[in-house]
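A short worksheet on the structure shown next.
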There are 2 protein chains.
Amino acid sequence: MNEFMRAAIDEALVGAGEGGIPIGSVLVVDDLIVGRGHNQRIQKGSPVLHGEMDALENAGRLTADQYRRATIYTTLSPCHMCSGAILLYAIPHVIVGENRTFMGAEDLLTGHGVRVEVLDLQECIDLMETFIKTHPSLWNEDIGEL
Amino acid sequence: MNEFMRAAIDEALVGAGEGGIPIGSVLVVDDLIVGRGHNQRIQKGSPVLHGEMDALENAGRLTADQYRRATIYTTLSPCHMCSGAILLYAIPHVIVGENRTFMGAEDLLTGHGVRVEVLDLQECIDLMETFIKTHPSLWNEDIGEL
């Protein structure tokens, strides 16, 4: 696996170590990581800082041109909110650790011309399967499920 | 205009008073405002806290059931990111101040069964027209335009 997906998984592991939901992400521009993040629902009580959103937030204000040269790595298929953020900033390329435990809005992304690659990584699947099994109600809260 | 749209506009005015982008929002559950917010790009250097996202964030962690009884009021048509957040949490009703100065992802919302009402309020149009005229590059940054 390349260093950027490794960094996204490391973010997920940081989140797990904090008692949080183990989803991580990094934003890469011109082969440099400009933002790292992980789901902050537990840690900050945040309903908006999914892993991808936290990476975008930690990257701070970028130019439209920087986003259009960016790739976002995420350990889990991006939900509608995170996919919407990717469309807002016209990030052209999304690399996903896995989409077996949760299928996000990949169709919305590809329908707008975003390139979505799913790596189907066992390490990402294991992280989520363990989390969902031990914290089902927390996981449902994170994806807005009853 | 009802008290909730008034509160959203008041949030936009707070943002304008802080030197920020004048877009505000409130989240209403069971006829009570549970979160108020306004665009935080300037104030917090945030690329993710649009007005609607800030209202969701300030509401904190809600149950899926609460979101499904919610209405979100926003002074401006919600972009893809904010619309995606509305879909993530299955918020069924969106009331929009105006969509003349920016048309967001209303089709995405209505395509998923969300009820979108646009009030076409001159006060909201005036706020954005003045802002866009005086800060065009900042506005383009906020909507990911080159």
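The values are calculated or read from the model by the stated rules, or taken from the named source; none is laboratory data. The shown structure was predicted, so the numbers you read here are calculated from the model rather than taken from an experiment. Heads up, the Cβs are rebuilt from the backbone with ideal geometry, glycines too, and the neighbour counts pull from every protein chain shown. Note: areas computed on protein heavy atoms with side chains; ligands, DNA, RNA excluded. Shrake-Rupley method; radii C 1.70, N 1.55, O 1.52, S 1.80 Å.
Pairing chain A with chain B buries about 2900 Å² of accessible area. This figure sums both sides and uses a 1.4 Å probe. Estimated at the nearest 10 Å², the accessible area of A:Phe102 is 40 Å² with a 1.4 Å probe. Note on chain A: antiparallel DSSP beta bridges, both residues inside, total approximately 55 percent of the bridges counted. With a Förster radius of 35 Å applied to the beta-carbon distance between A:Gln122 and B:Glu18, the computed FRET efficiency rounds to 0.15.
Sites counted here are GluC sites (Glu not before Pro) in a DSSP loop (not H, G, I, E or B) having no more than 15 other Cβ atoms within 10 Å; the longest part of chain A that contains none of them is A:19-144. Here is the result for region A:6-47: no trypsin sites (Lys or Arg not before Pro) lie in DSSP coil with at most 10 other C-beta atoms within 10 angstrom of their C-beta. Label separation (A:His112 vs B:Asn2): 2.9 nm, computed from points 7 Å beyond Cα along the C-beta direction. An ellipsoid equivalent to the protein assembly as shown, defined through the eigenvalues of its Cα gyration tensor, has semi-axes of 30, 21, 16 Å when rounded to whole angstrom and sorted largest first. What's the center-to-center distance, using Cα atoms, between region B:1-54 and region A:94-146 in Å? One Cα centre to the other: 30 Å. Taken over the C-alpha atoms, chain B has Rg and Dmax values of 13.7, 42 angstrom. Where in region B:113-146 does accessible area fall by at least 20 Å² between the isolated chain and the complete protein assembly, at a 1.4 Å probe radius? Those are B:Glu141, B:Ile143, B:Gly144, B:Leu146, which lose 20 Å² or more relative to the chain on its own. Classified by the C-alpha gyration tensor, region A:39-121 has an oblate form. Its axis ratio a/c, with a ≥ b ≥ c, is 1.5 or above, and a/b does not exceed b/c. Each Lys and Arg contributes +1 and each Asp and Glu -1, all at the Cβ; summed about the Cα centre of the protein assembly as shown, the dipole is approximately 160 debye.
Inter-chain Cβ neighbour count for A:63-71, averaged per residue, equals 2 (cutoff 10 Å, partner chain atoms only). Across region B:33-116, Cα pairs under 8 Å and at least six residues apart give a relative contact order of 24 percent.
Take A:Gly19, move 7 Å from Cα toward the beta carbon, and the resulting point lies 3.8 nm from the same point in each other copy, nearest first. Simple point charges give the picture: +1 on the Cβ of Lys and Arg, -1 on the Cβ of Asp and Glu, and for region B:1-131 a dipole about the Cα centre of about 400 debye. Straight-line cross-link reach from A:Lys133 at under 28 Å between alpha-carbon atoms covers these lysines, not counting any fewer than eight positions away in the same chain: A:Lys44. Sorted from nearest, the other copies put their A:Asp126 label points 6.2 nm away, the label point being 7 Å from Cα in the direction of Cβ. For the rotational copies B and A, the chain B residue with its Cβ nearest the relating axis, together with that separation in Å, is B:Gly84, 1. Ligands, DNA and RNA left out, the 1.4 Å accessible surface of region B:17-84 is 44% carbon and sulfur atoms. With the label put 7 angstrom out from Cα along the Cα-to-Cβ vector, B:Leu138 ends up 3.9 nm from the copy partners, going from closest to farthest.
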